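> Quick one: the structure is below, questions incoming.
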Protein chains: 2
Amino acid sequence: MSASDGLPQSRTAYVLERLKADLDAGVINPGDQLRQTAIAKRYGVSPTPVREALRILAADGTIDYTSHRGATVRDFTPEMAHDLYRMRSEMEGFACELAVERMSDADHARIVAANERLIEATRDGVDPTTLSLLNKELHFSIYAGTSPIVIECIQLLWARFKPSVTLWGVTSFSSALDHDHTEILDALARRDGPAAREAMSRHVMHAWELRQTSDDLRATGAAPAQAAAPASDVEAS
Amino acid sequence: MSASDGLPQSRTAYVLERLKADLDAGVINPGDQLRQTAIAKRYGVSPTPVREALRILAADGTIDYTSHRGATVRDFTPEMAHDLYRMRSEMEGFACELAVERMSDADHARIVAANERLIEATRDGVDPTTLSLLNKELHFSIYAGTSPIVIECIQLLWARFKPSVTLWGVTSFSSALDHDHTEILDALARRDGPAAREAMSRHVMHAWELRQTSDDLRATGAAPAQAAAPASDVEAS
DNA sequence: GGTCAATAGATTCTATAGAATCTTTTCGGT
DNA sequence: ACCGAAAAGATTCTATAGAATCTATTGACC
């Protein structure tokens, strides 16, 4: 699960990693044009691997790629974000039901462990970036037992978001999300597929609501308590 | 919606088109190794655009791409196919509900028109390949009014399948699917989101069941009535 | 005879240079 | 002054050659 470990296996992978990091960190923003020669120079590689990385991001839906006209970072309207959360709600709810069908005891143990790590980290007041990562690991520990195709589909949905550090930076939010997780894990422990689906579905939409109130707060100018660390610190290297 | 029109906008797009066509036609099969130099020679281009096309197919999930070790076409277990249909059932059901929320009268008219084209073609005993295409157009005419992200997500699920000419080659199957469509369109006409979702959900799983019985028939050696035209005829150029 | 290291072959990967395409500017005509 | 065409500039796209990496074979050593 850990990214950015050791040396990248190819220049393309390296560029892809850097681009995603710069995208998350806000160095590159929606609407920006991505000039392949500029990126190549910036990352110290030739245009060839840059082009391959751009093709991948275009297939992911992260960027718009028009033939002979270059690539631009897709901008994200609130409505698109809402749609994405609704799709996550459907898919991840379904994945929970499927997980119950196929979950071994060992799988279940790993899920419980992942949840405990997140709960503990929340209690200890760990930084939002780490909490967000632990949250992701918990979610995918559930989906791990479903099917490679299902996992990939959900990963594609997650890839469209910046890590939601803003959510995990507010104590009341993170404890609310932890509470949702407990509900999901209870259903999983009972091997109750429909209940797990329902709980996960509601959890994702709950996260969407929290995200909205968080955005509203920021729009009003009131900085949320325990704000996240500056995004620029997320930069990889 | 029509593919393979005129000249491709780039060598990469051309290679992508050819690869998908060869994949559908059965020229390239699951498990096959894709040697980029061989493909380049075969299609009369240099390895560079071939590599870009392979990166896209890898992002789509159509092929497995391992660094420095080349690409192989993913093979498709029956269980994976089942999972894919279940995901389609979820996503396309949801898309129907979303479509009702956002559908204009003009959108609805286009959907009805697409359905009439398919019904008419079924009645006239048109070839299965065309029926399969019209079916796809009907489905996506419904999703057209939802959201670009939703459409892309569903397209990704559809991209994993060969066109199901086997299904539309059996008269009893195609009329059953047409019947499902009518049910969906009735719900859409009533602007009944939940009913449309439910109808579409069942329709996709119905298609899955038909596909299974079709596979069973072929396994028994009994060729289905009005079998599809030889797959090799689908080849583009 | 079996195991490990070294070599040869094949394939992928990357950089570079020139061709193709698009955009902007300039110039001439109305 | 406004519109259209041509040219200049910038960017993308493709082919090619050499470097890096992996796989298969051979040979030496235990």
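The values are calculated or read from the model by the stated rules, or taken from the named source; none is laboratory data. Keep in mind that this is a model prediction, so the values were computed, not measured. All Cβ positions, glycine included, derive from the backbone under ideal geometry; neighbour counts span all protein chains shown.
> Just wondering, is there one or more residues in segment B:66-73 that are more than 7 Å from chain A (Cβ to nearest Cβ), under 17 Å from the mean Cα position of the chain (by Cα) and not polar (S, T, N, Q)?
To start, the set of residues in segment B:66-73 that are more than 7 Å from chain A (Cβ to nearest Cβ) comprises B:66, B:68-73.
Now restrict to residues that are under 17 Å from the mean Cα position of the chain (by Cα): none.
The answer is no; no qualifying residue exists.
> Now a separate question. Give, as residue ranges, the helices (runs of 4 or more DSSP H) completely inside segment A:135-192 that count at least 3 residues that are within 14 Å of another protein chain (Cβ to nearest Cβ). Explain how you work it out, then say what you get.
Details: elements: A:148-159, A:165-168, A:171-189.
Fully inside segment A:135-192 and qualifying: A:148-159.
> Mind listing whichever residues of segment A:161-177 are crowded, with 18+ Cβ neighbours inside 10 Å and closer than 20 Å to A:ALA114 by Cβ? Quick ask: steps written out before the conclusion?
Quick first cut of segment A:161-177, residues crowded, with 18+ Cβ neighbours inside 10 Å only: A:163-170, A:173-174, A:177.
Within segment A:161-177, A:PRO163, A:SER164, A:VAL165, A:LEU167, A:TRP168, A:PHE173, A:SER174, A:LEU177 meet the criteria.
> Only residues that are among the aliphatic types (A, V, I, L, M), within 22 Å of B:ASP192 (Cα to Cα) and touching a residue at least 60 places away in the same chain (Cβ under 8 Å): list them for segment B:127-163, please.
Initially, segment B:127-163 is screened for residues among the aliphatic types (A, V, I, L, M), giving B:131, B:133-134, B:138, B:142, B:144, B:149-151, B:154, B:156-157, B:159.
Still in the list and also within 22 Å of B:ASP192 (Cα to Cα): B:138, B:142, B:144, B:150-151, B:154.
Correct list: B:ILE154 only.
> Right, something else. Only one of A:LEU54, A:LEU98, A:LEU84 is within 27 Å of B:ILE154 (Cα to Cα), in contact with a helix residue (DSSP H, G or I) (Cβ under 7 Å, 6 or more places away or on another chain), hydrophobic (A, V, I, L, M, F, W, C) and not assigned by TED's automatic domain parsing to the domain that holds A:CYS153. Can you tell me which?
On the way: A:LEU98 fails: not assigned by TED's automatic domain parsing to the domain that holds A:CYS153; A:LEU84 fails: not assigned by TED's automatic domain parsing to the domain that holds A:CYS153.
So the residue among A:LEU54, A:LEU98, A:LEU84 that is within 27 Å of B:ILE154 (Cα to Cα), in contact with a helix residue (DSSP H, G or I) (Cβ under 7 Å, 6 or more places away or on another chain), hydrophobic (A, V, I, L, M, F, W, C) and not assigned by TED's automatic domain parsing to the domain that holds A:CYS153 is A:LEU54.
> Condition first: surrounded by 15 or more Cβ atoms within 10 Å (Cβ to Cβ) and within 16 Å of DNA strand D (Cβ to nearest atom). Now tell me which residues in segment B:64-82 satisfy that.
B:ASP64, B:TYR65, B:ALA71, B:THR72, listed by residue number.
> Related question: Kindly indicate whether any position in segment B:188-201 is closer than 23 Å to A:TYR85 by Cβ, within 17 Å of the chain's Cα centre (by Cα) and modelled with pLDDT of 95 or more.
Taking segment B:188-201 and keeping what is closer than 23 Å to A:TYR85 by Cβ, we get B:193-194, B:196-198, B:200-201.
Those left that are additionally within 17 Å of the chain's Cα centre (by Cα): B:200-201.
Then drop every residue that is not modelled with pLDDT of 95 or more, which leaves B:200-201.
Within segment B:188-201 (the criterion being closer than 23 Å to A:TYR85 by Cβ, within 17 Å of the chain's Cα centre (by Cα) and modelled with pLDDT of 95 or more), the answer is yes, since at least one residue qualifies.
> Listed residues A:VAL50, A:VAL15; which is buried (at least 19 other Cβ atoms within 10 Å of the Cβ), within 12 Å of DNA strand D (Cβ to nearest atom) and closer than 20 Å to B:GLU52 by Cα?
Numbers: A:VAL15 fails: within 12 Å of DNA strand D (Cβ to nearest atom).
Only one candidate passes the filter, namely A:VAL50.
> Buried (at least 18 other Cβ atoms within 10 Å of the Cβ) and either basic (Lys, Arg) or more than 12 Å from DNA strand D (Cβ to nearest atom) (or both): is that true of A:MET87 in this structure?
On the way: buried (at least 18 other Cβ atoms within 10 Å of the Cβ): yes; either basic (Lys, Arg) or more than 12 Å from DNA strand D (Cβ to nearest atom) (or both): yes.
So A:MET87 fits the description; yes.
> Now for a separate question. Got a sec? Which helices (runs of 4 or more DSSP H) wholly within segment A:5-118 have at least 2 residues that are within 16 Å of DNA strand C (Cβ to nearest atom) and touching a residue at least 40 places away in the same chain (Cβ under 8 Å)? So that I can check it myself, show each step before the final result.
Numbers: elements: A:11-25, A:36-43, A:47-60, A:78-102.
Those helices (runs of 4 or more DSSP H) span A:11-25, A:47-60.
> From (1) away from every other protein chain (no Cβ under 14 Å); (2) small (Gly, Ala, Ser); (3) in a helix (DSSP H, G or I); (4) over 18 Å from the mean Cα position of the chain (by Cα), pick out the condition that doesn't hold for B:GLY125.
Failed condition: (3).
> Return the only residue of B:GLY44, B:GLY31, B:GLY26 being near DNA strand D (Cβ under 10 Å from one of its atoms), away from chain A (no Cβ under 14 Å) and more than 19 Å from A:ARG55 (Cβ to Cβ).
Numbers: B:GLY31 fails: near DNA strand D (Cβ under 10 Å from one of its atoms); B:GLY26 fails: near DNA strand D (Cβ under 10 Å from one of its atoms).
Residue meeting the stated conditions: B:GLY44.
> Given (1) within 25 Å of A:VAL150 (Cβ to Cβ); (2) out of contact with any strand residue (DSSP E or B) (no Cβ under 9 Å at 6 or more places or on another chain); (3) more than 16 Å from DNA strand D (Cβ to nearest atom), where does B:VAL112 come up short, assuming only one miss?
Here B:VAL112 meets the rest and fails (1).
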